[in-house]
Amino acid sequence: MTSSADAAVEVIGLRKDFGATRALDAATFNVARGEIFGLLGPNGAGKTTTMRILLTLLKPTAGTARVAGHDVTGEPVAVRERVGWVPQEHTVDPLLTVMENMTFMGGMYHLRPIAARRQAAQLLDLAGLAGHGNKMAKVLSGGTRRKLELAMSLMHVPAVLFLDEPTVGLDITARRDLWAYVRQVSGQGTTVVLTTHYLEEADALCDRVAIIDRGRIQATGAPGELKIAYRASSLDEVFLAATGQELAA
Amino acid sequence: MSTTNLWREHRVLLGRWLARLRREPLAVLALLAQPMVWLVLFGHLFTKMSVPGGSYLRFMTAGAVVMTTFNACLTGGVELLFDRESGFLVRLLAAPASRVSLVTSRFVYLTALTGVQGVVILVAAWLMGVHYASGIGGVAAGLAVGALFGAGITALSVALAFSLRSHSQFFPLVGFASLPLTFASTALVPLALMPGWMRAVARLNPMTYAVDALRELIMTGWQVAPLVGTVGALLVFDVCCVATATAALRHGMR
């Protein structure tokens with residue numbers, strides 16, 4: 001367990017009601033700086049709700065959350081300056097070039113134009129997209145577009161990067177390629193919080209996971225620790241033991 | 001909220017709106033050709049109509065300019081609806097950029113775009129023999145009055161973009177509103193030739209105010225007192241539209 005002093009994300013008793021529906025209930029977890037942390041659960045479990053609260057896009061009904069040292073309800077702008085986000089939806093503009101998409105996002109995070117172009121060139125290089133700068137975004141393959149979206153969300157060098165189901169719709173090669181890129185980003189000190197309903201993704205990529213089901217966190221820990229604690233040989237069995245149901249991929 | 005940050009946001013947002021326009025050559029062509037069609041088509045269709053000043057083309061020029069502004073601004077909010085539909089907008093809401101910049105950048109873009117269209121029409125009409133009684137300064141003032149009208153219409157379009165679920169609702173609604181509002185104004189026909197009820201509607205229509213101001217400047221010259229009154233009326237209209245848009249934004253920017 002991490003101490004709150006070096007936590008990148010600190011969530012205490014978070015609850016979210018939509019009318020009579022409780023989407024999230026008494027969620028408590030920490031994410032340490034530099035960690036890759038996975039919110040693992042089926043569709044509708046409360047993963048995206050949790051992420052949107054941490055991104056300041058939704059107000060919690062009860063509980064507190066701090067991201068990169070700032071309260072999500074009290075200091076939303078300070079949080080927004082320090083986090084990056086790749087949503088599930090497509091967030092490149094297909095009518096702009098790869099480079100234009102990058103510098104556009106830089107401007108929305110208040111980078112100077114010259115600094116934005118320099119930063120974009122470096123990030124495209126790291127992502128293996130160096131030769132793609134002048135291509136129209138609409139011609140990119142699914143995997144390449146995802147990498148561009150990830151690179152766009154790193155323009156302002158966020159302390160915490162949020163990825164919502166980052167590999168949905170990608171084939172296995174593109175998925176592995178993206179995992180390698182996420183590890184590389186993490187290796188440079190960025191904390192990564194991702195949601196996924198792929199057990200193998202959580203197993204392959206995450207230092208720690210929180211298993212979430214019907215709005216409640218059922219278990220938290222490193223995939224290896226959870227397997228030992230639940231006397232399970234795989235994360236599938238852990239999930240079954242913790243929630244009483246299977247997670248169909 | 002520093003002005004440097006606002007400038008940087010507007011810079012990239014305007015860059016994006018312009019790049020999207022530039023890459024749709026057909027849209028650019030339509031934006032420049034459509035006003036000419038108004039001028040040529042209606043200018044010849046109604047030549048026998050008796051209008052103050054005698055020349056229908058000269059009467060019609062102000063109408064063509066303001067109608068063009070009206071149409072561009074009325075659909076001007078739809079790009080924000082596209083961004084809402086695709087998920088792009090919510091991604092931008094997670095950035096520290098001001099929410100207001102998304103909307104104000106549309107105002108700046110549409111004001112510039114309709115300004116260019118207006119100049120194209122005025123130059124074309126001049127080549128077709130229309131004289132401008134108040135000179136270049138008067139015509140520029142008339143375009144500014146048109147921009148005041150366009151700002152209110154843009155705000156309404158933005159309000160619509162944040163009130164509807166999809167662009168498949170947006171376009172029919174805008175299409176439905178556009179023609180009656182145009183015909184129930186002085187853009188094409190003078191008040192004197194309208195039936196009584198339509199004249200009453202046209203007197204309340206903000207388009208009438210913008211058209212009449214520009215038309216006075218083209219056909220008669222500077223008439224300061226009525227011009228000030230028109231500017232005042234359009235400012236009231238703008239305030240109402242911006243208030244509507246603000247309410248819609250609060251509701252829709254989630």
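The values are calculated or read from the model by the stated rules, or taken from the named source; none is laboratory data. Nothing here was measured: the structure is a model prediction, and the numbers come from that model. Here the Cβ is made from the backbone with ideal geometry for all residues, glycine too, and neighbour counts use every protein chain on show.
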> Which residues, counting only those in the range B:231-254, are within 16 Å of the chain's Cα centre (by Cα) and of a type outside the set (A, V, I, L, M, F, W, C)?
Replying inline: B:ASP238
> Before we move on, is B:TRP17 within 11 Å of chain A (Cβ to nearest Cβ) and either in contact (Cβ under 8 Å) with a residue 24 or more places away in the chain or surrounded by 20 or more Cβ atoms within 10 Å (Cβ to Cβ) (or both)?
Replying inline: yes
> For the range A:152-210, which residues satisfy the criterion of being among the aliphatic types (A, V, I, L, M), over 30 Å from A:ILE114 (Cβ atoms) and in contact with a Cys (Cβ under 9 Å, 6 or more places away or on another chain)?
Replying inline: A:LEU194
>> Any residue at all in the range A:39-56 that's modelled with pLDDT of 95 or more and under 28 Å from B:TRP7 (Cβ atoms)?
In response: yes
> Taking into account only those residues within the range A:86-98 that are more than 7 Å from chain B (Cβ to nearest Cβ) and part of a loop (DSSP other than H, G, I, E, B), which is modelled with the lowest pLDDT?
Replying inline: A:GLN88
> If a residue has to be more than 14 Å from chain B (Cβ to nearest Cβ) and not aromatic (Phe, Trp, Tyr) to count, how many in the range A:35-74 make the cut?
Replying inline: 24
>> Could you list, ordered by first residue, the pairs with Cβ atoms under 7 Å in which the first is in the range A:100-129 and within 12 Å of chain B (Cβ to nearest Cβ) and the second is among the basic types (Lys, Arg), at least 6 apart or interchain?
In response: A:THR103/A:ARG117; A:PHE104/B:ARG16; A:GLY107/B:ARG8; A:GLY107/B:ARG11; A:HIS110/B:ARG8
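One line per residue, one yes/no per condition, for (1) in a loop (DSSP other than H, G, I, E, B); (2) out of contact with any strand residue (DSSP E or B) (no Cβ under 7 Å at 6 or more places or on another chain); (3) modelled with pLDDT under 95; (4) crowded, with 19+ Cβ neighbours inside 10 Å:
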| position | (1), (2), (3), (4) |
| --- | --- |
| A:VAL79 | no, no, no, yes |
| A:GLY84 | no, no, no, yes |
| A:GLU100 | no, yes, no, yes |
| A:GLY107 | no, yes, no, yes |
| A:ALA121 | no, yes, no, no |
| A:GLY131 | no, yes, yes, no |
| A:ALA151 | no, yes, no, yes |
| A:LEU154 | yes, no, no, yes |
>> Within the range A:156-174, take every residue that is not polar (S, T, N, Q) and not in a loop (DSSP other than H, G, I, E, B) and give me the one that is nearest to A:THR103 (Cα to Cα).
In response: A:LEU161
> In the range A:230-249, how many are in a loop (DSSP other than H, G, I, E, B) and more than 24 Å from the chain's Cα centre (by Cα)?
Replying inline: 6
>> Looking at the range B:9-22, can you tell me whether even one residue there is more than 18 Å from the chain's Cα centre (by Cα) and within 21 Å of B:PRO172 (Cβ to Cβ)?
In response: no
> Inside the range B:131-158, can you point out the residues that are touching a residue at least 40 places away in the same chain (Cβ under 8 Å) and farther than 22 Å from B:GLY77 by Cβ?
Replying inline: B:HIS131, B:TYR132, B:ALA133, B:SER134, B:GLY138, B:VAL139, B:ALA141, B:GLY142
>> Considering only residues that are surrounded by 15 or more Cβ atoms within 10 Å (Cβ to Cβ), in a helix (DSSP H, G or I) and at pLDDT 90 or above, which ones fall in the range B:20-55?
In response: B:ARG20, B:LEU21
>> If a residue counts only when it is exposed (fewer than 13 other Cβ atoms within 10 Å of the Cβ), which helices (runs of 4 or more DSSP H) contained entirely in the range B:128-231 have at least 2 such residues?
In response: B:135-161, B:167-183, B:196-204
> On the given criteria, is B:ALA112 in a helix (DSSP H, G or I) and surrounded by fewer than 22 Cβ atoms within 10 Å (Cβ to Cβ)?
Replying inline: yes
> Can you tell me how many residues in the range B:81-121 are within 13 Å of another protein chain (Cβ to nearest Cβ) and either of a type outside the set (Gly, Ala, Ser) or more than 24 Å from B:ARG250 (Cβ to Cβ) (or both)?
Replying inline: 13
